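The values are calculated or read from the model by the stated rules, or taken from the named source; none is laboratory data. Worth saying up front: this structure is predicted, and the values here are computed from it rather than measured. Cβ sites come from the backbone with ideal geometry, for glycine too, and all protein chains shown count toward neighbours.
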Amino acid sequence: MYRPSDTAVTQILPFSTDPALRRRFLLHDEPLKANVRFGLLLEVLDKLAEDTALAYVRRSIPEARVVTAAIDHIRVRCEADISRDVVLLAQVNYVGRTSLEVGVRIEQPGDPPSHIASCYVTMVAQTADGQQVGSTPLPGLVFEDDLERQRESKAIKRRNAYRRSRETAQQQPTRDEYALLARLHTTGAAWFLRIDGWLTNHQRLGKNIPGA
Ligand SMILES: CC(C)(COP(=O)(O)OP(=O)(O)OC[C@H]1O[C@@H](n2cnc3c(N)ncnc32)[C@H](O)[C@@H]1OP(=O)(O)O)[C@@H](O)C(=O)NCCC(=O)NCCS
């Protein structure tokens, strides 16, 4: 069995020494703050999360593949500096039955180092049986230090929150919710009839209809 730290992968974007890479990630060709195309960083992050998950899954199931089930919200915590290297650190935090959560942290080393963003990507392992592709069970991780256990417990909280939201979405509306929907429907229909009547009247009188 593996520990989360056995799954760690680091990727460096060497902006400080690679002008072509810097140009590709540059937002504006001017010396501005926060001049980094964040969407491109997200692409790198997405691929790194996939590679990290796949490396873990393929240790036990070489023919498996992974699909992204969810990416947790991501917030840019501080501005990135295009003249400094960007480091992406990824590792598997938690393994469920068929899914695994990869945590990715984006930072810029320096004095002081800056933590640009972190996010959590849930991947599901799949294998094919003939034409049928299905999710496949994975071996779990072992947790040996407090930080690993802390990350596991936060991942479980996120997973439980996802499950609760899925259950809530599948529940029938309550009486109150149903009454509110019915009211909205009736009000919406009344507005539609008023606008429709106004249009018909205008057309009958040969008046101009703005925007038509
Ligand atoms: C992700 C997917 C494979 C799950 O299908 P499934 O196996 O039939 O669905 P299940 O409900 O049994 O979920 C399987 C696992 O994924 C987890 N999961 C699924 N959707 C999730 C989500 N949105 N957030 C967190 N976990 C999720 C479940 O908790 C479950 O975990 P477990 O096996 O460890 O207990 C399916 O929903 C899918 O194909 N989605 C589209 C994925 C895709 O196209 N990705 C590329 C995007 S560009």
When the range 15-32 is checked residue by residue, the ones that are in contact (Cβ under 8 Å) with a residue 40 or more places away in the chain and part of a helix (DSSP H, G or I) are ARG22, PHE25
(request) Take VAL92 and decide whether it is under 22 Å from HIS115 (Cα atoms), at pLDDT 95 or above and in contact with a Ser or Thr (Cβ under 7 Å, 6 or more places away or on another chain). (result) yes
Within the range 22-50, of all residues that are among the acidic types (Asp, Glu) and exposed (fewer than 15 other Cβ atoms within 10 Å of the Cβ), the one farthest from the ligand (Cβ to nearest atom) is GLU30
Reported set for the range 72-110 where residues are among the acidic types (Asp, Glu), touching a helix residue (DSSP H, G or I) at 6+ places or on another chain (Cβ under 9 Å) and in a strand (DSSP E or B) is GLU101
Could you tell me whether any residue of the range 100-114 is among the β-branched types (Val, Ile, Thr), surrounded by fewer than 18 Cβ atoms within 10 Å (Cβ to Cβ) and either within 15 Å of the ligand (Cβ to nearest atom) or in contact (Cβ under 8 Å) with a residue 24 or more places away in the chain (or both)?
no
Within the range 72-99, restricting to residues that are in contact with a Pro (Cβ under 8 Å, 6 or more places away or on another chain) and not hydroxyl-bearing (Ser, Thr, Tyr), the one that is nearest to the ligand (Cβ to nearest atom) is ARG97
Taking the range 54-71 and the residues there that are loosely packed, with under 15 Cβ neighbours inside 10 Å and assigned to a loop (DSSP other than H, G, I, E, B), the one that is nearest to the ligand (Cβ to nearest atom) would be GLU63
If we ask which residues in the range 156-212 are over 30 Å from THR98 (Cβ atoms) and in a helix (DSSP H, G or I), their number turns out to be 30
So THR17, is it under 20 Å from PRO109 (Cβ atoms) and either of a type in the set (A, V, I, L, M, F, W, C) or modelled with pLDDT of 95 or more (or both): yes
Here the residues within the range 133-156 that are free of Cβ contacts under 8 Å to residues at least 12 places away in the same chain and within 12 Å of the ligand (Cβ to nearest atom) are VAL133, GLY134
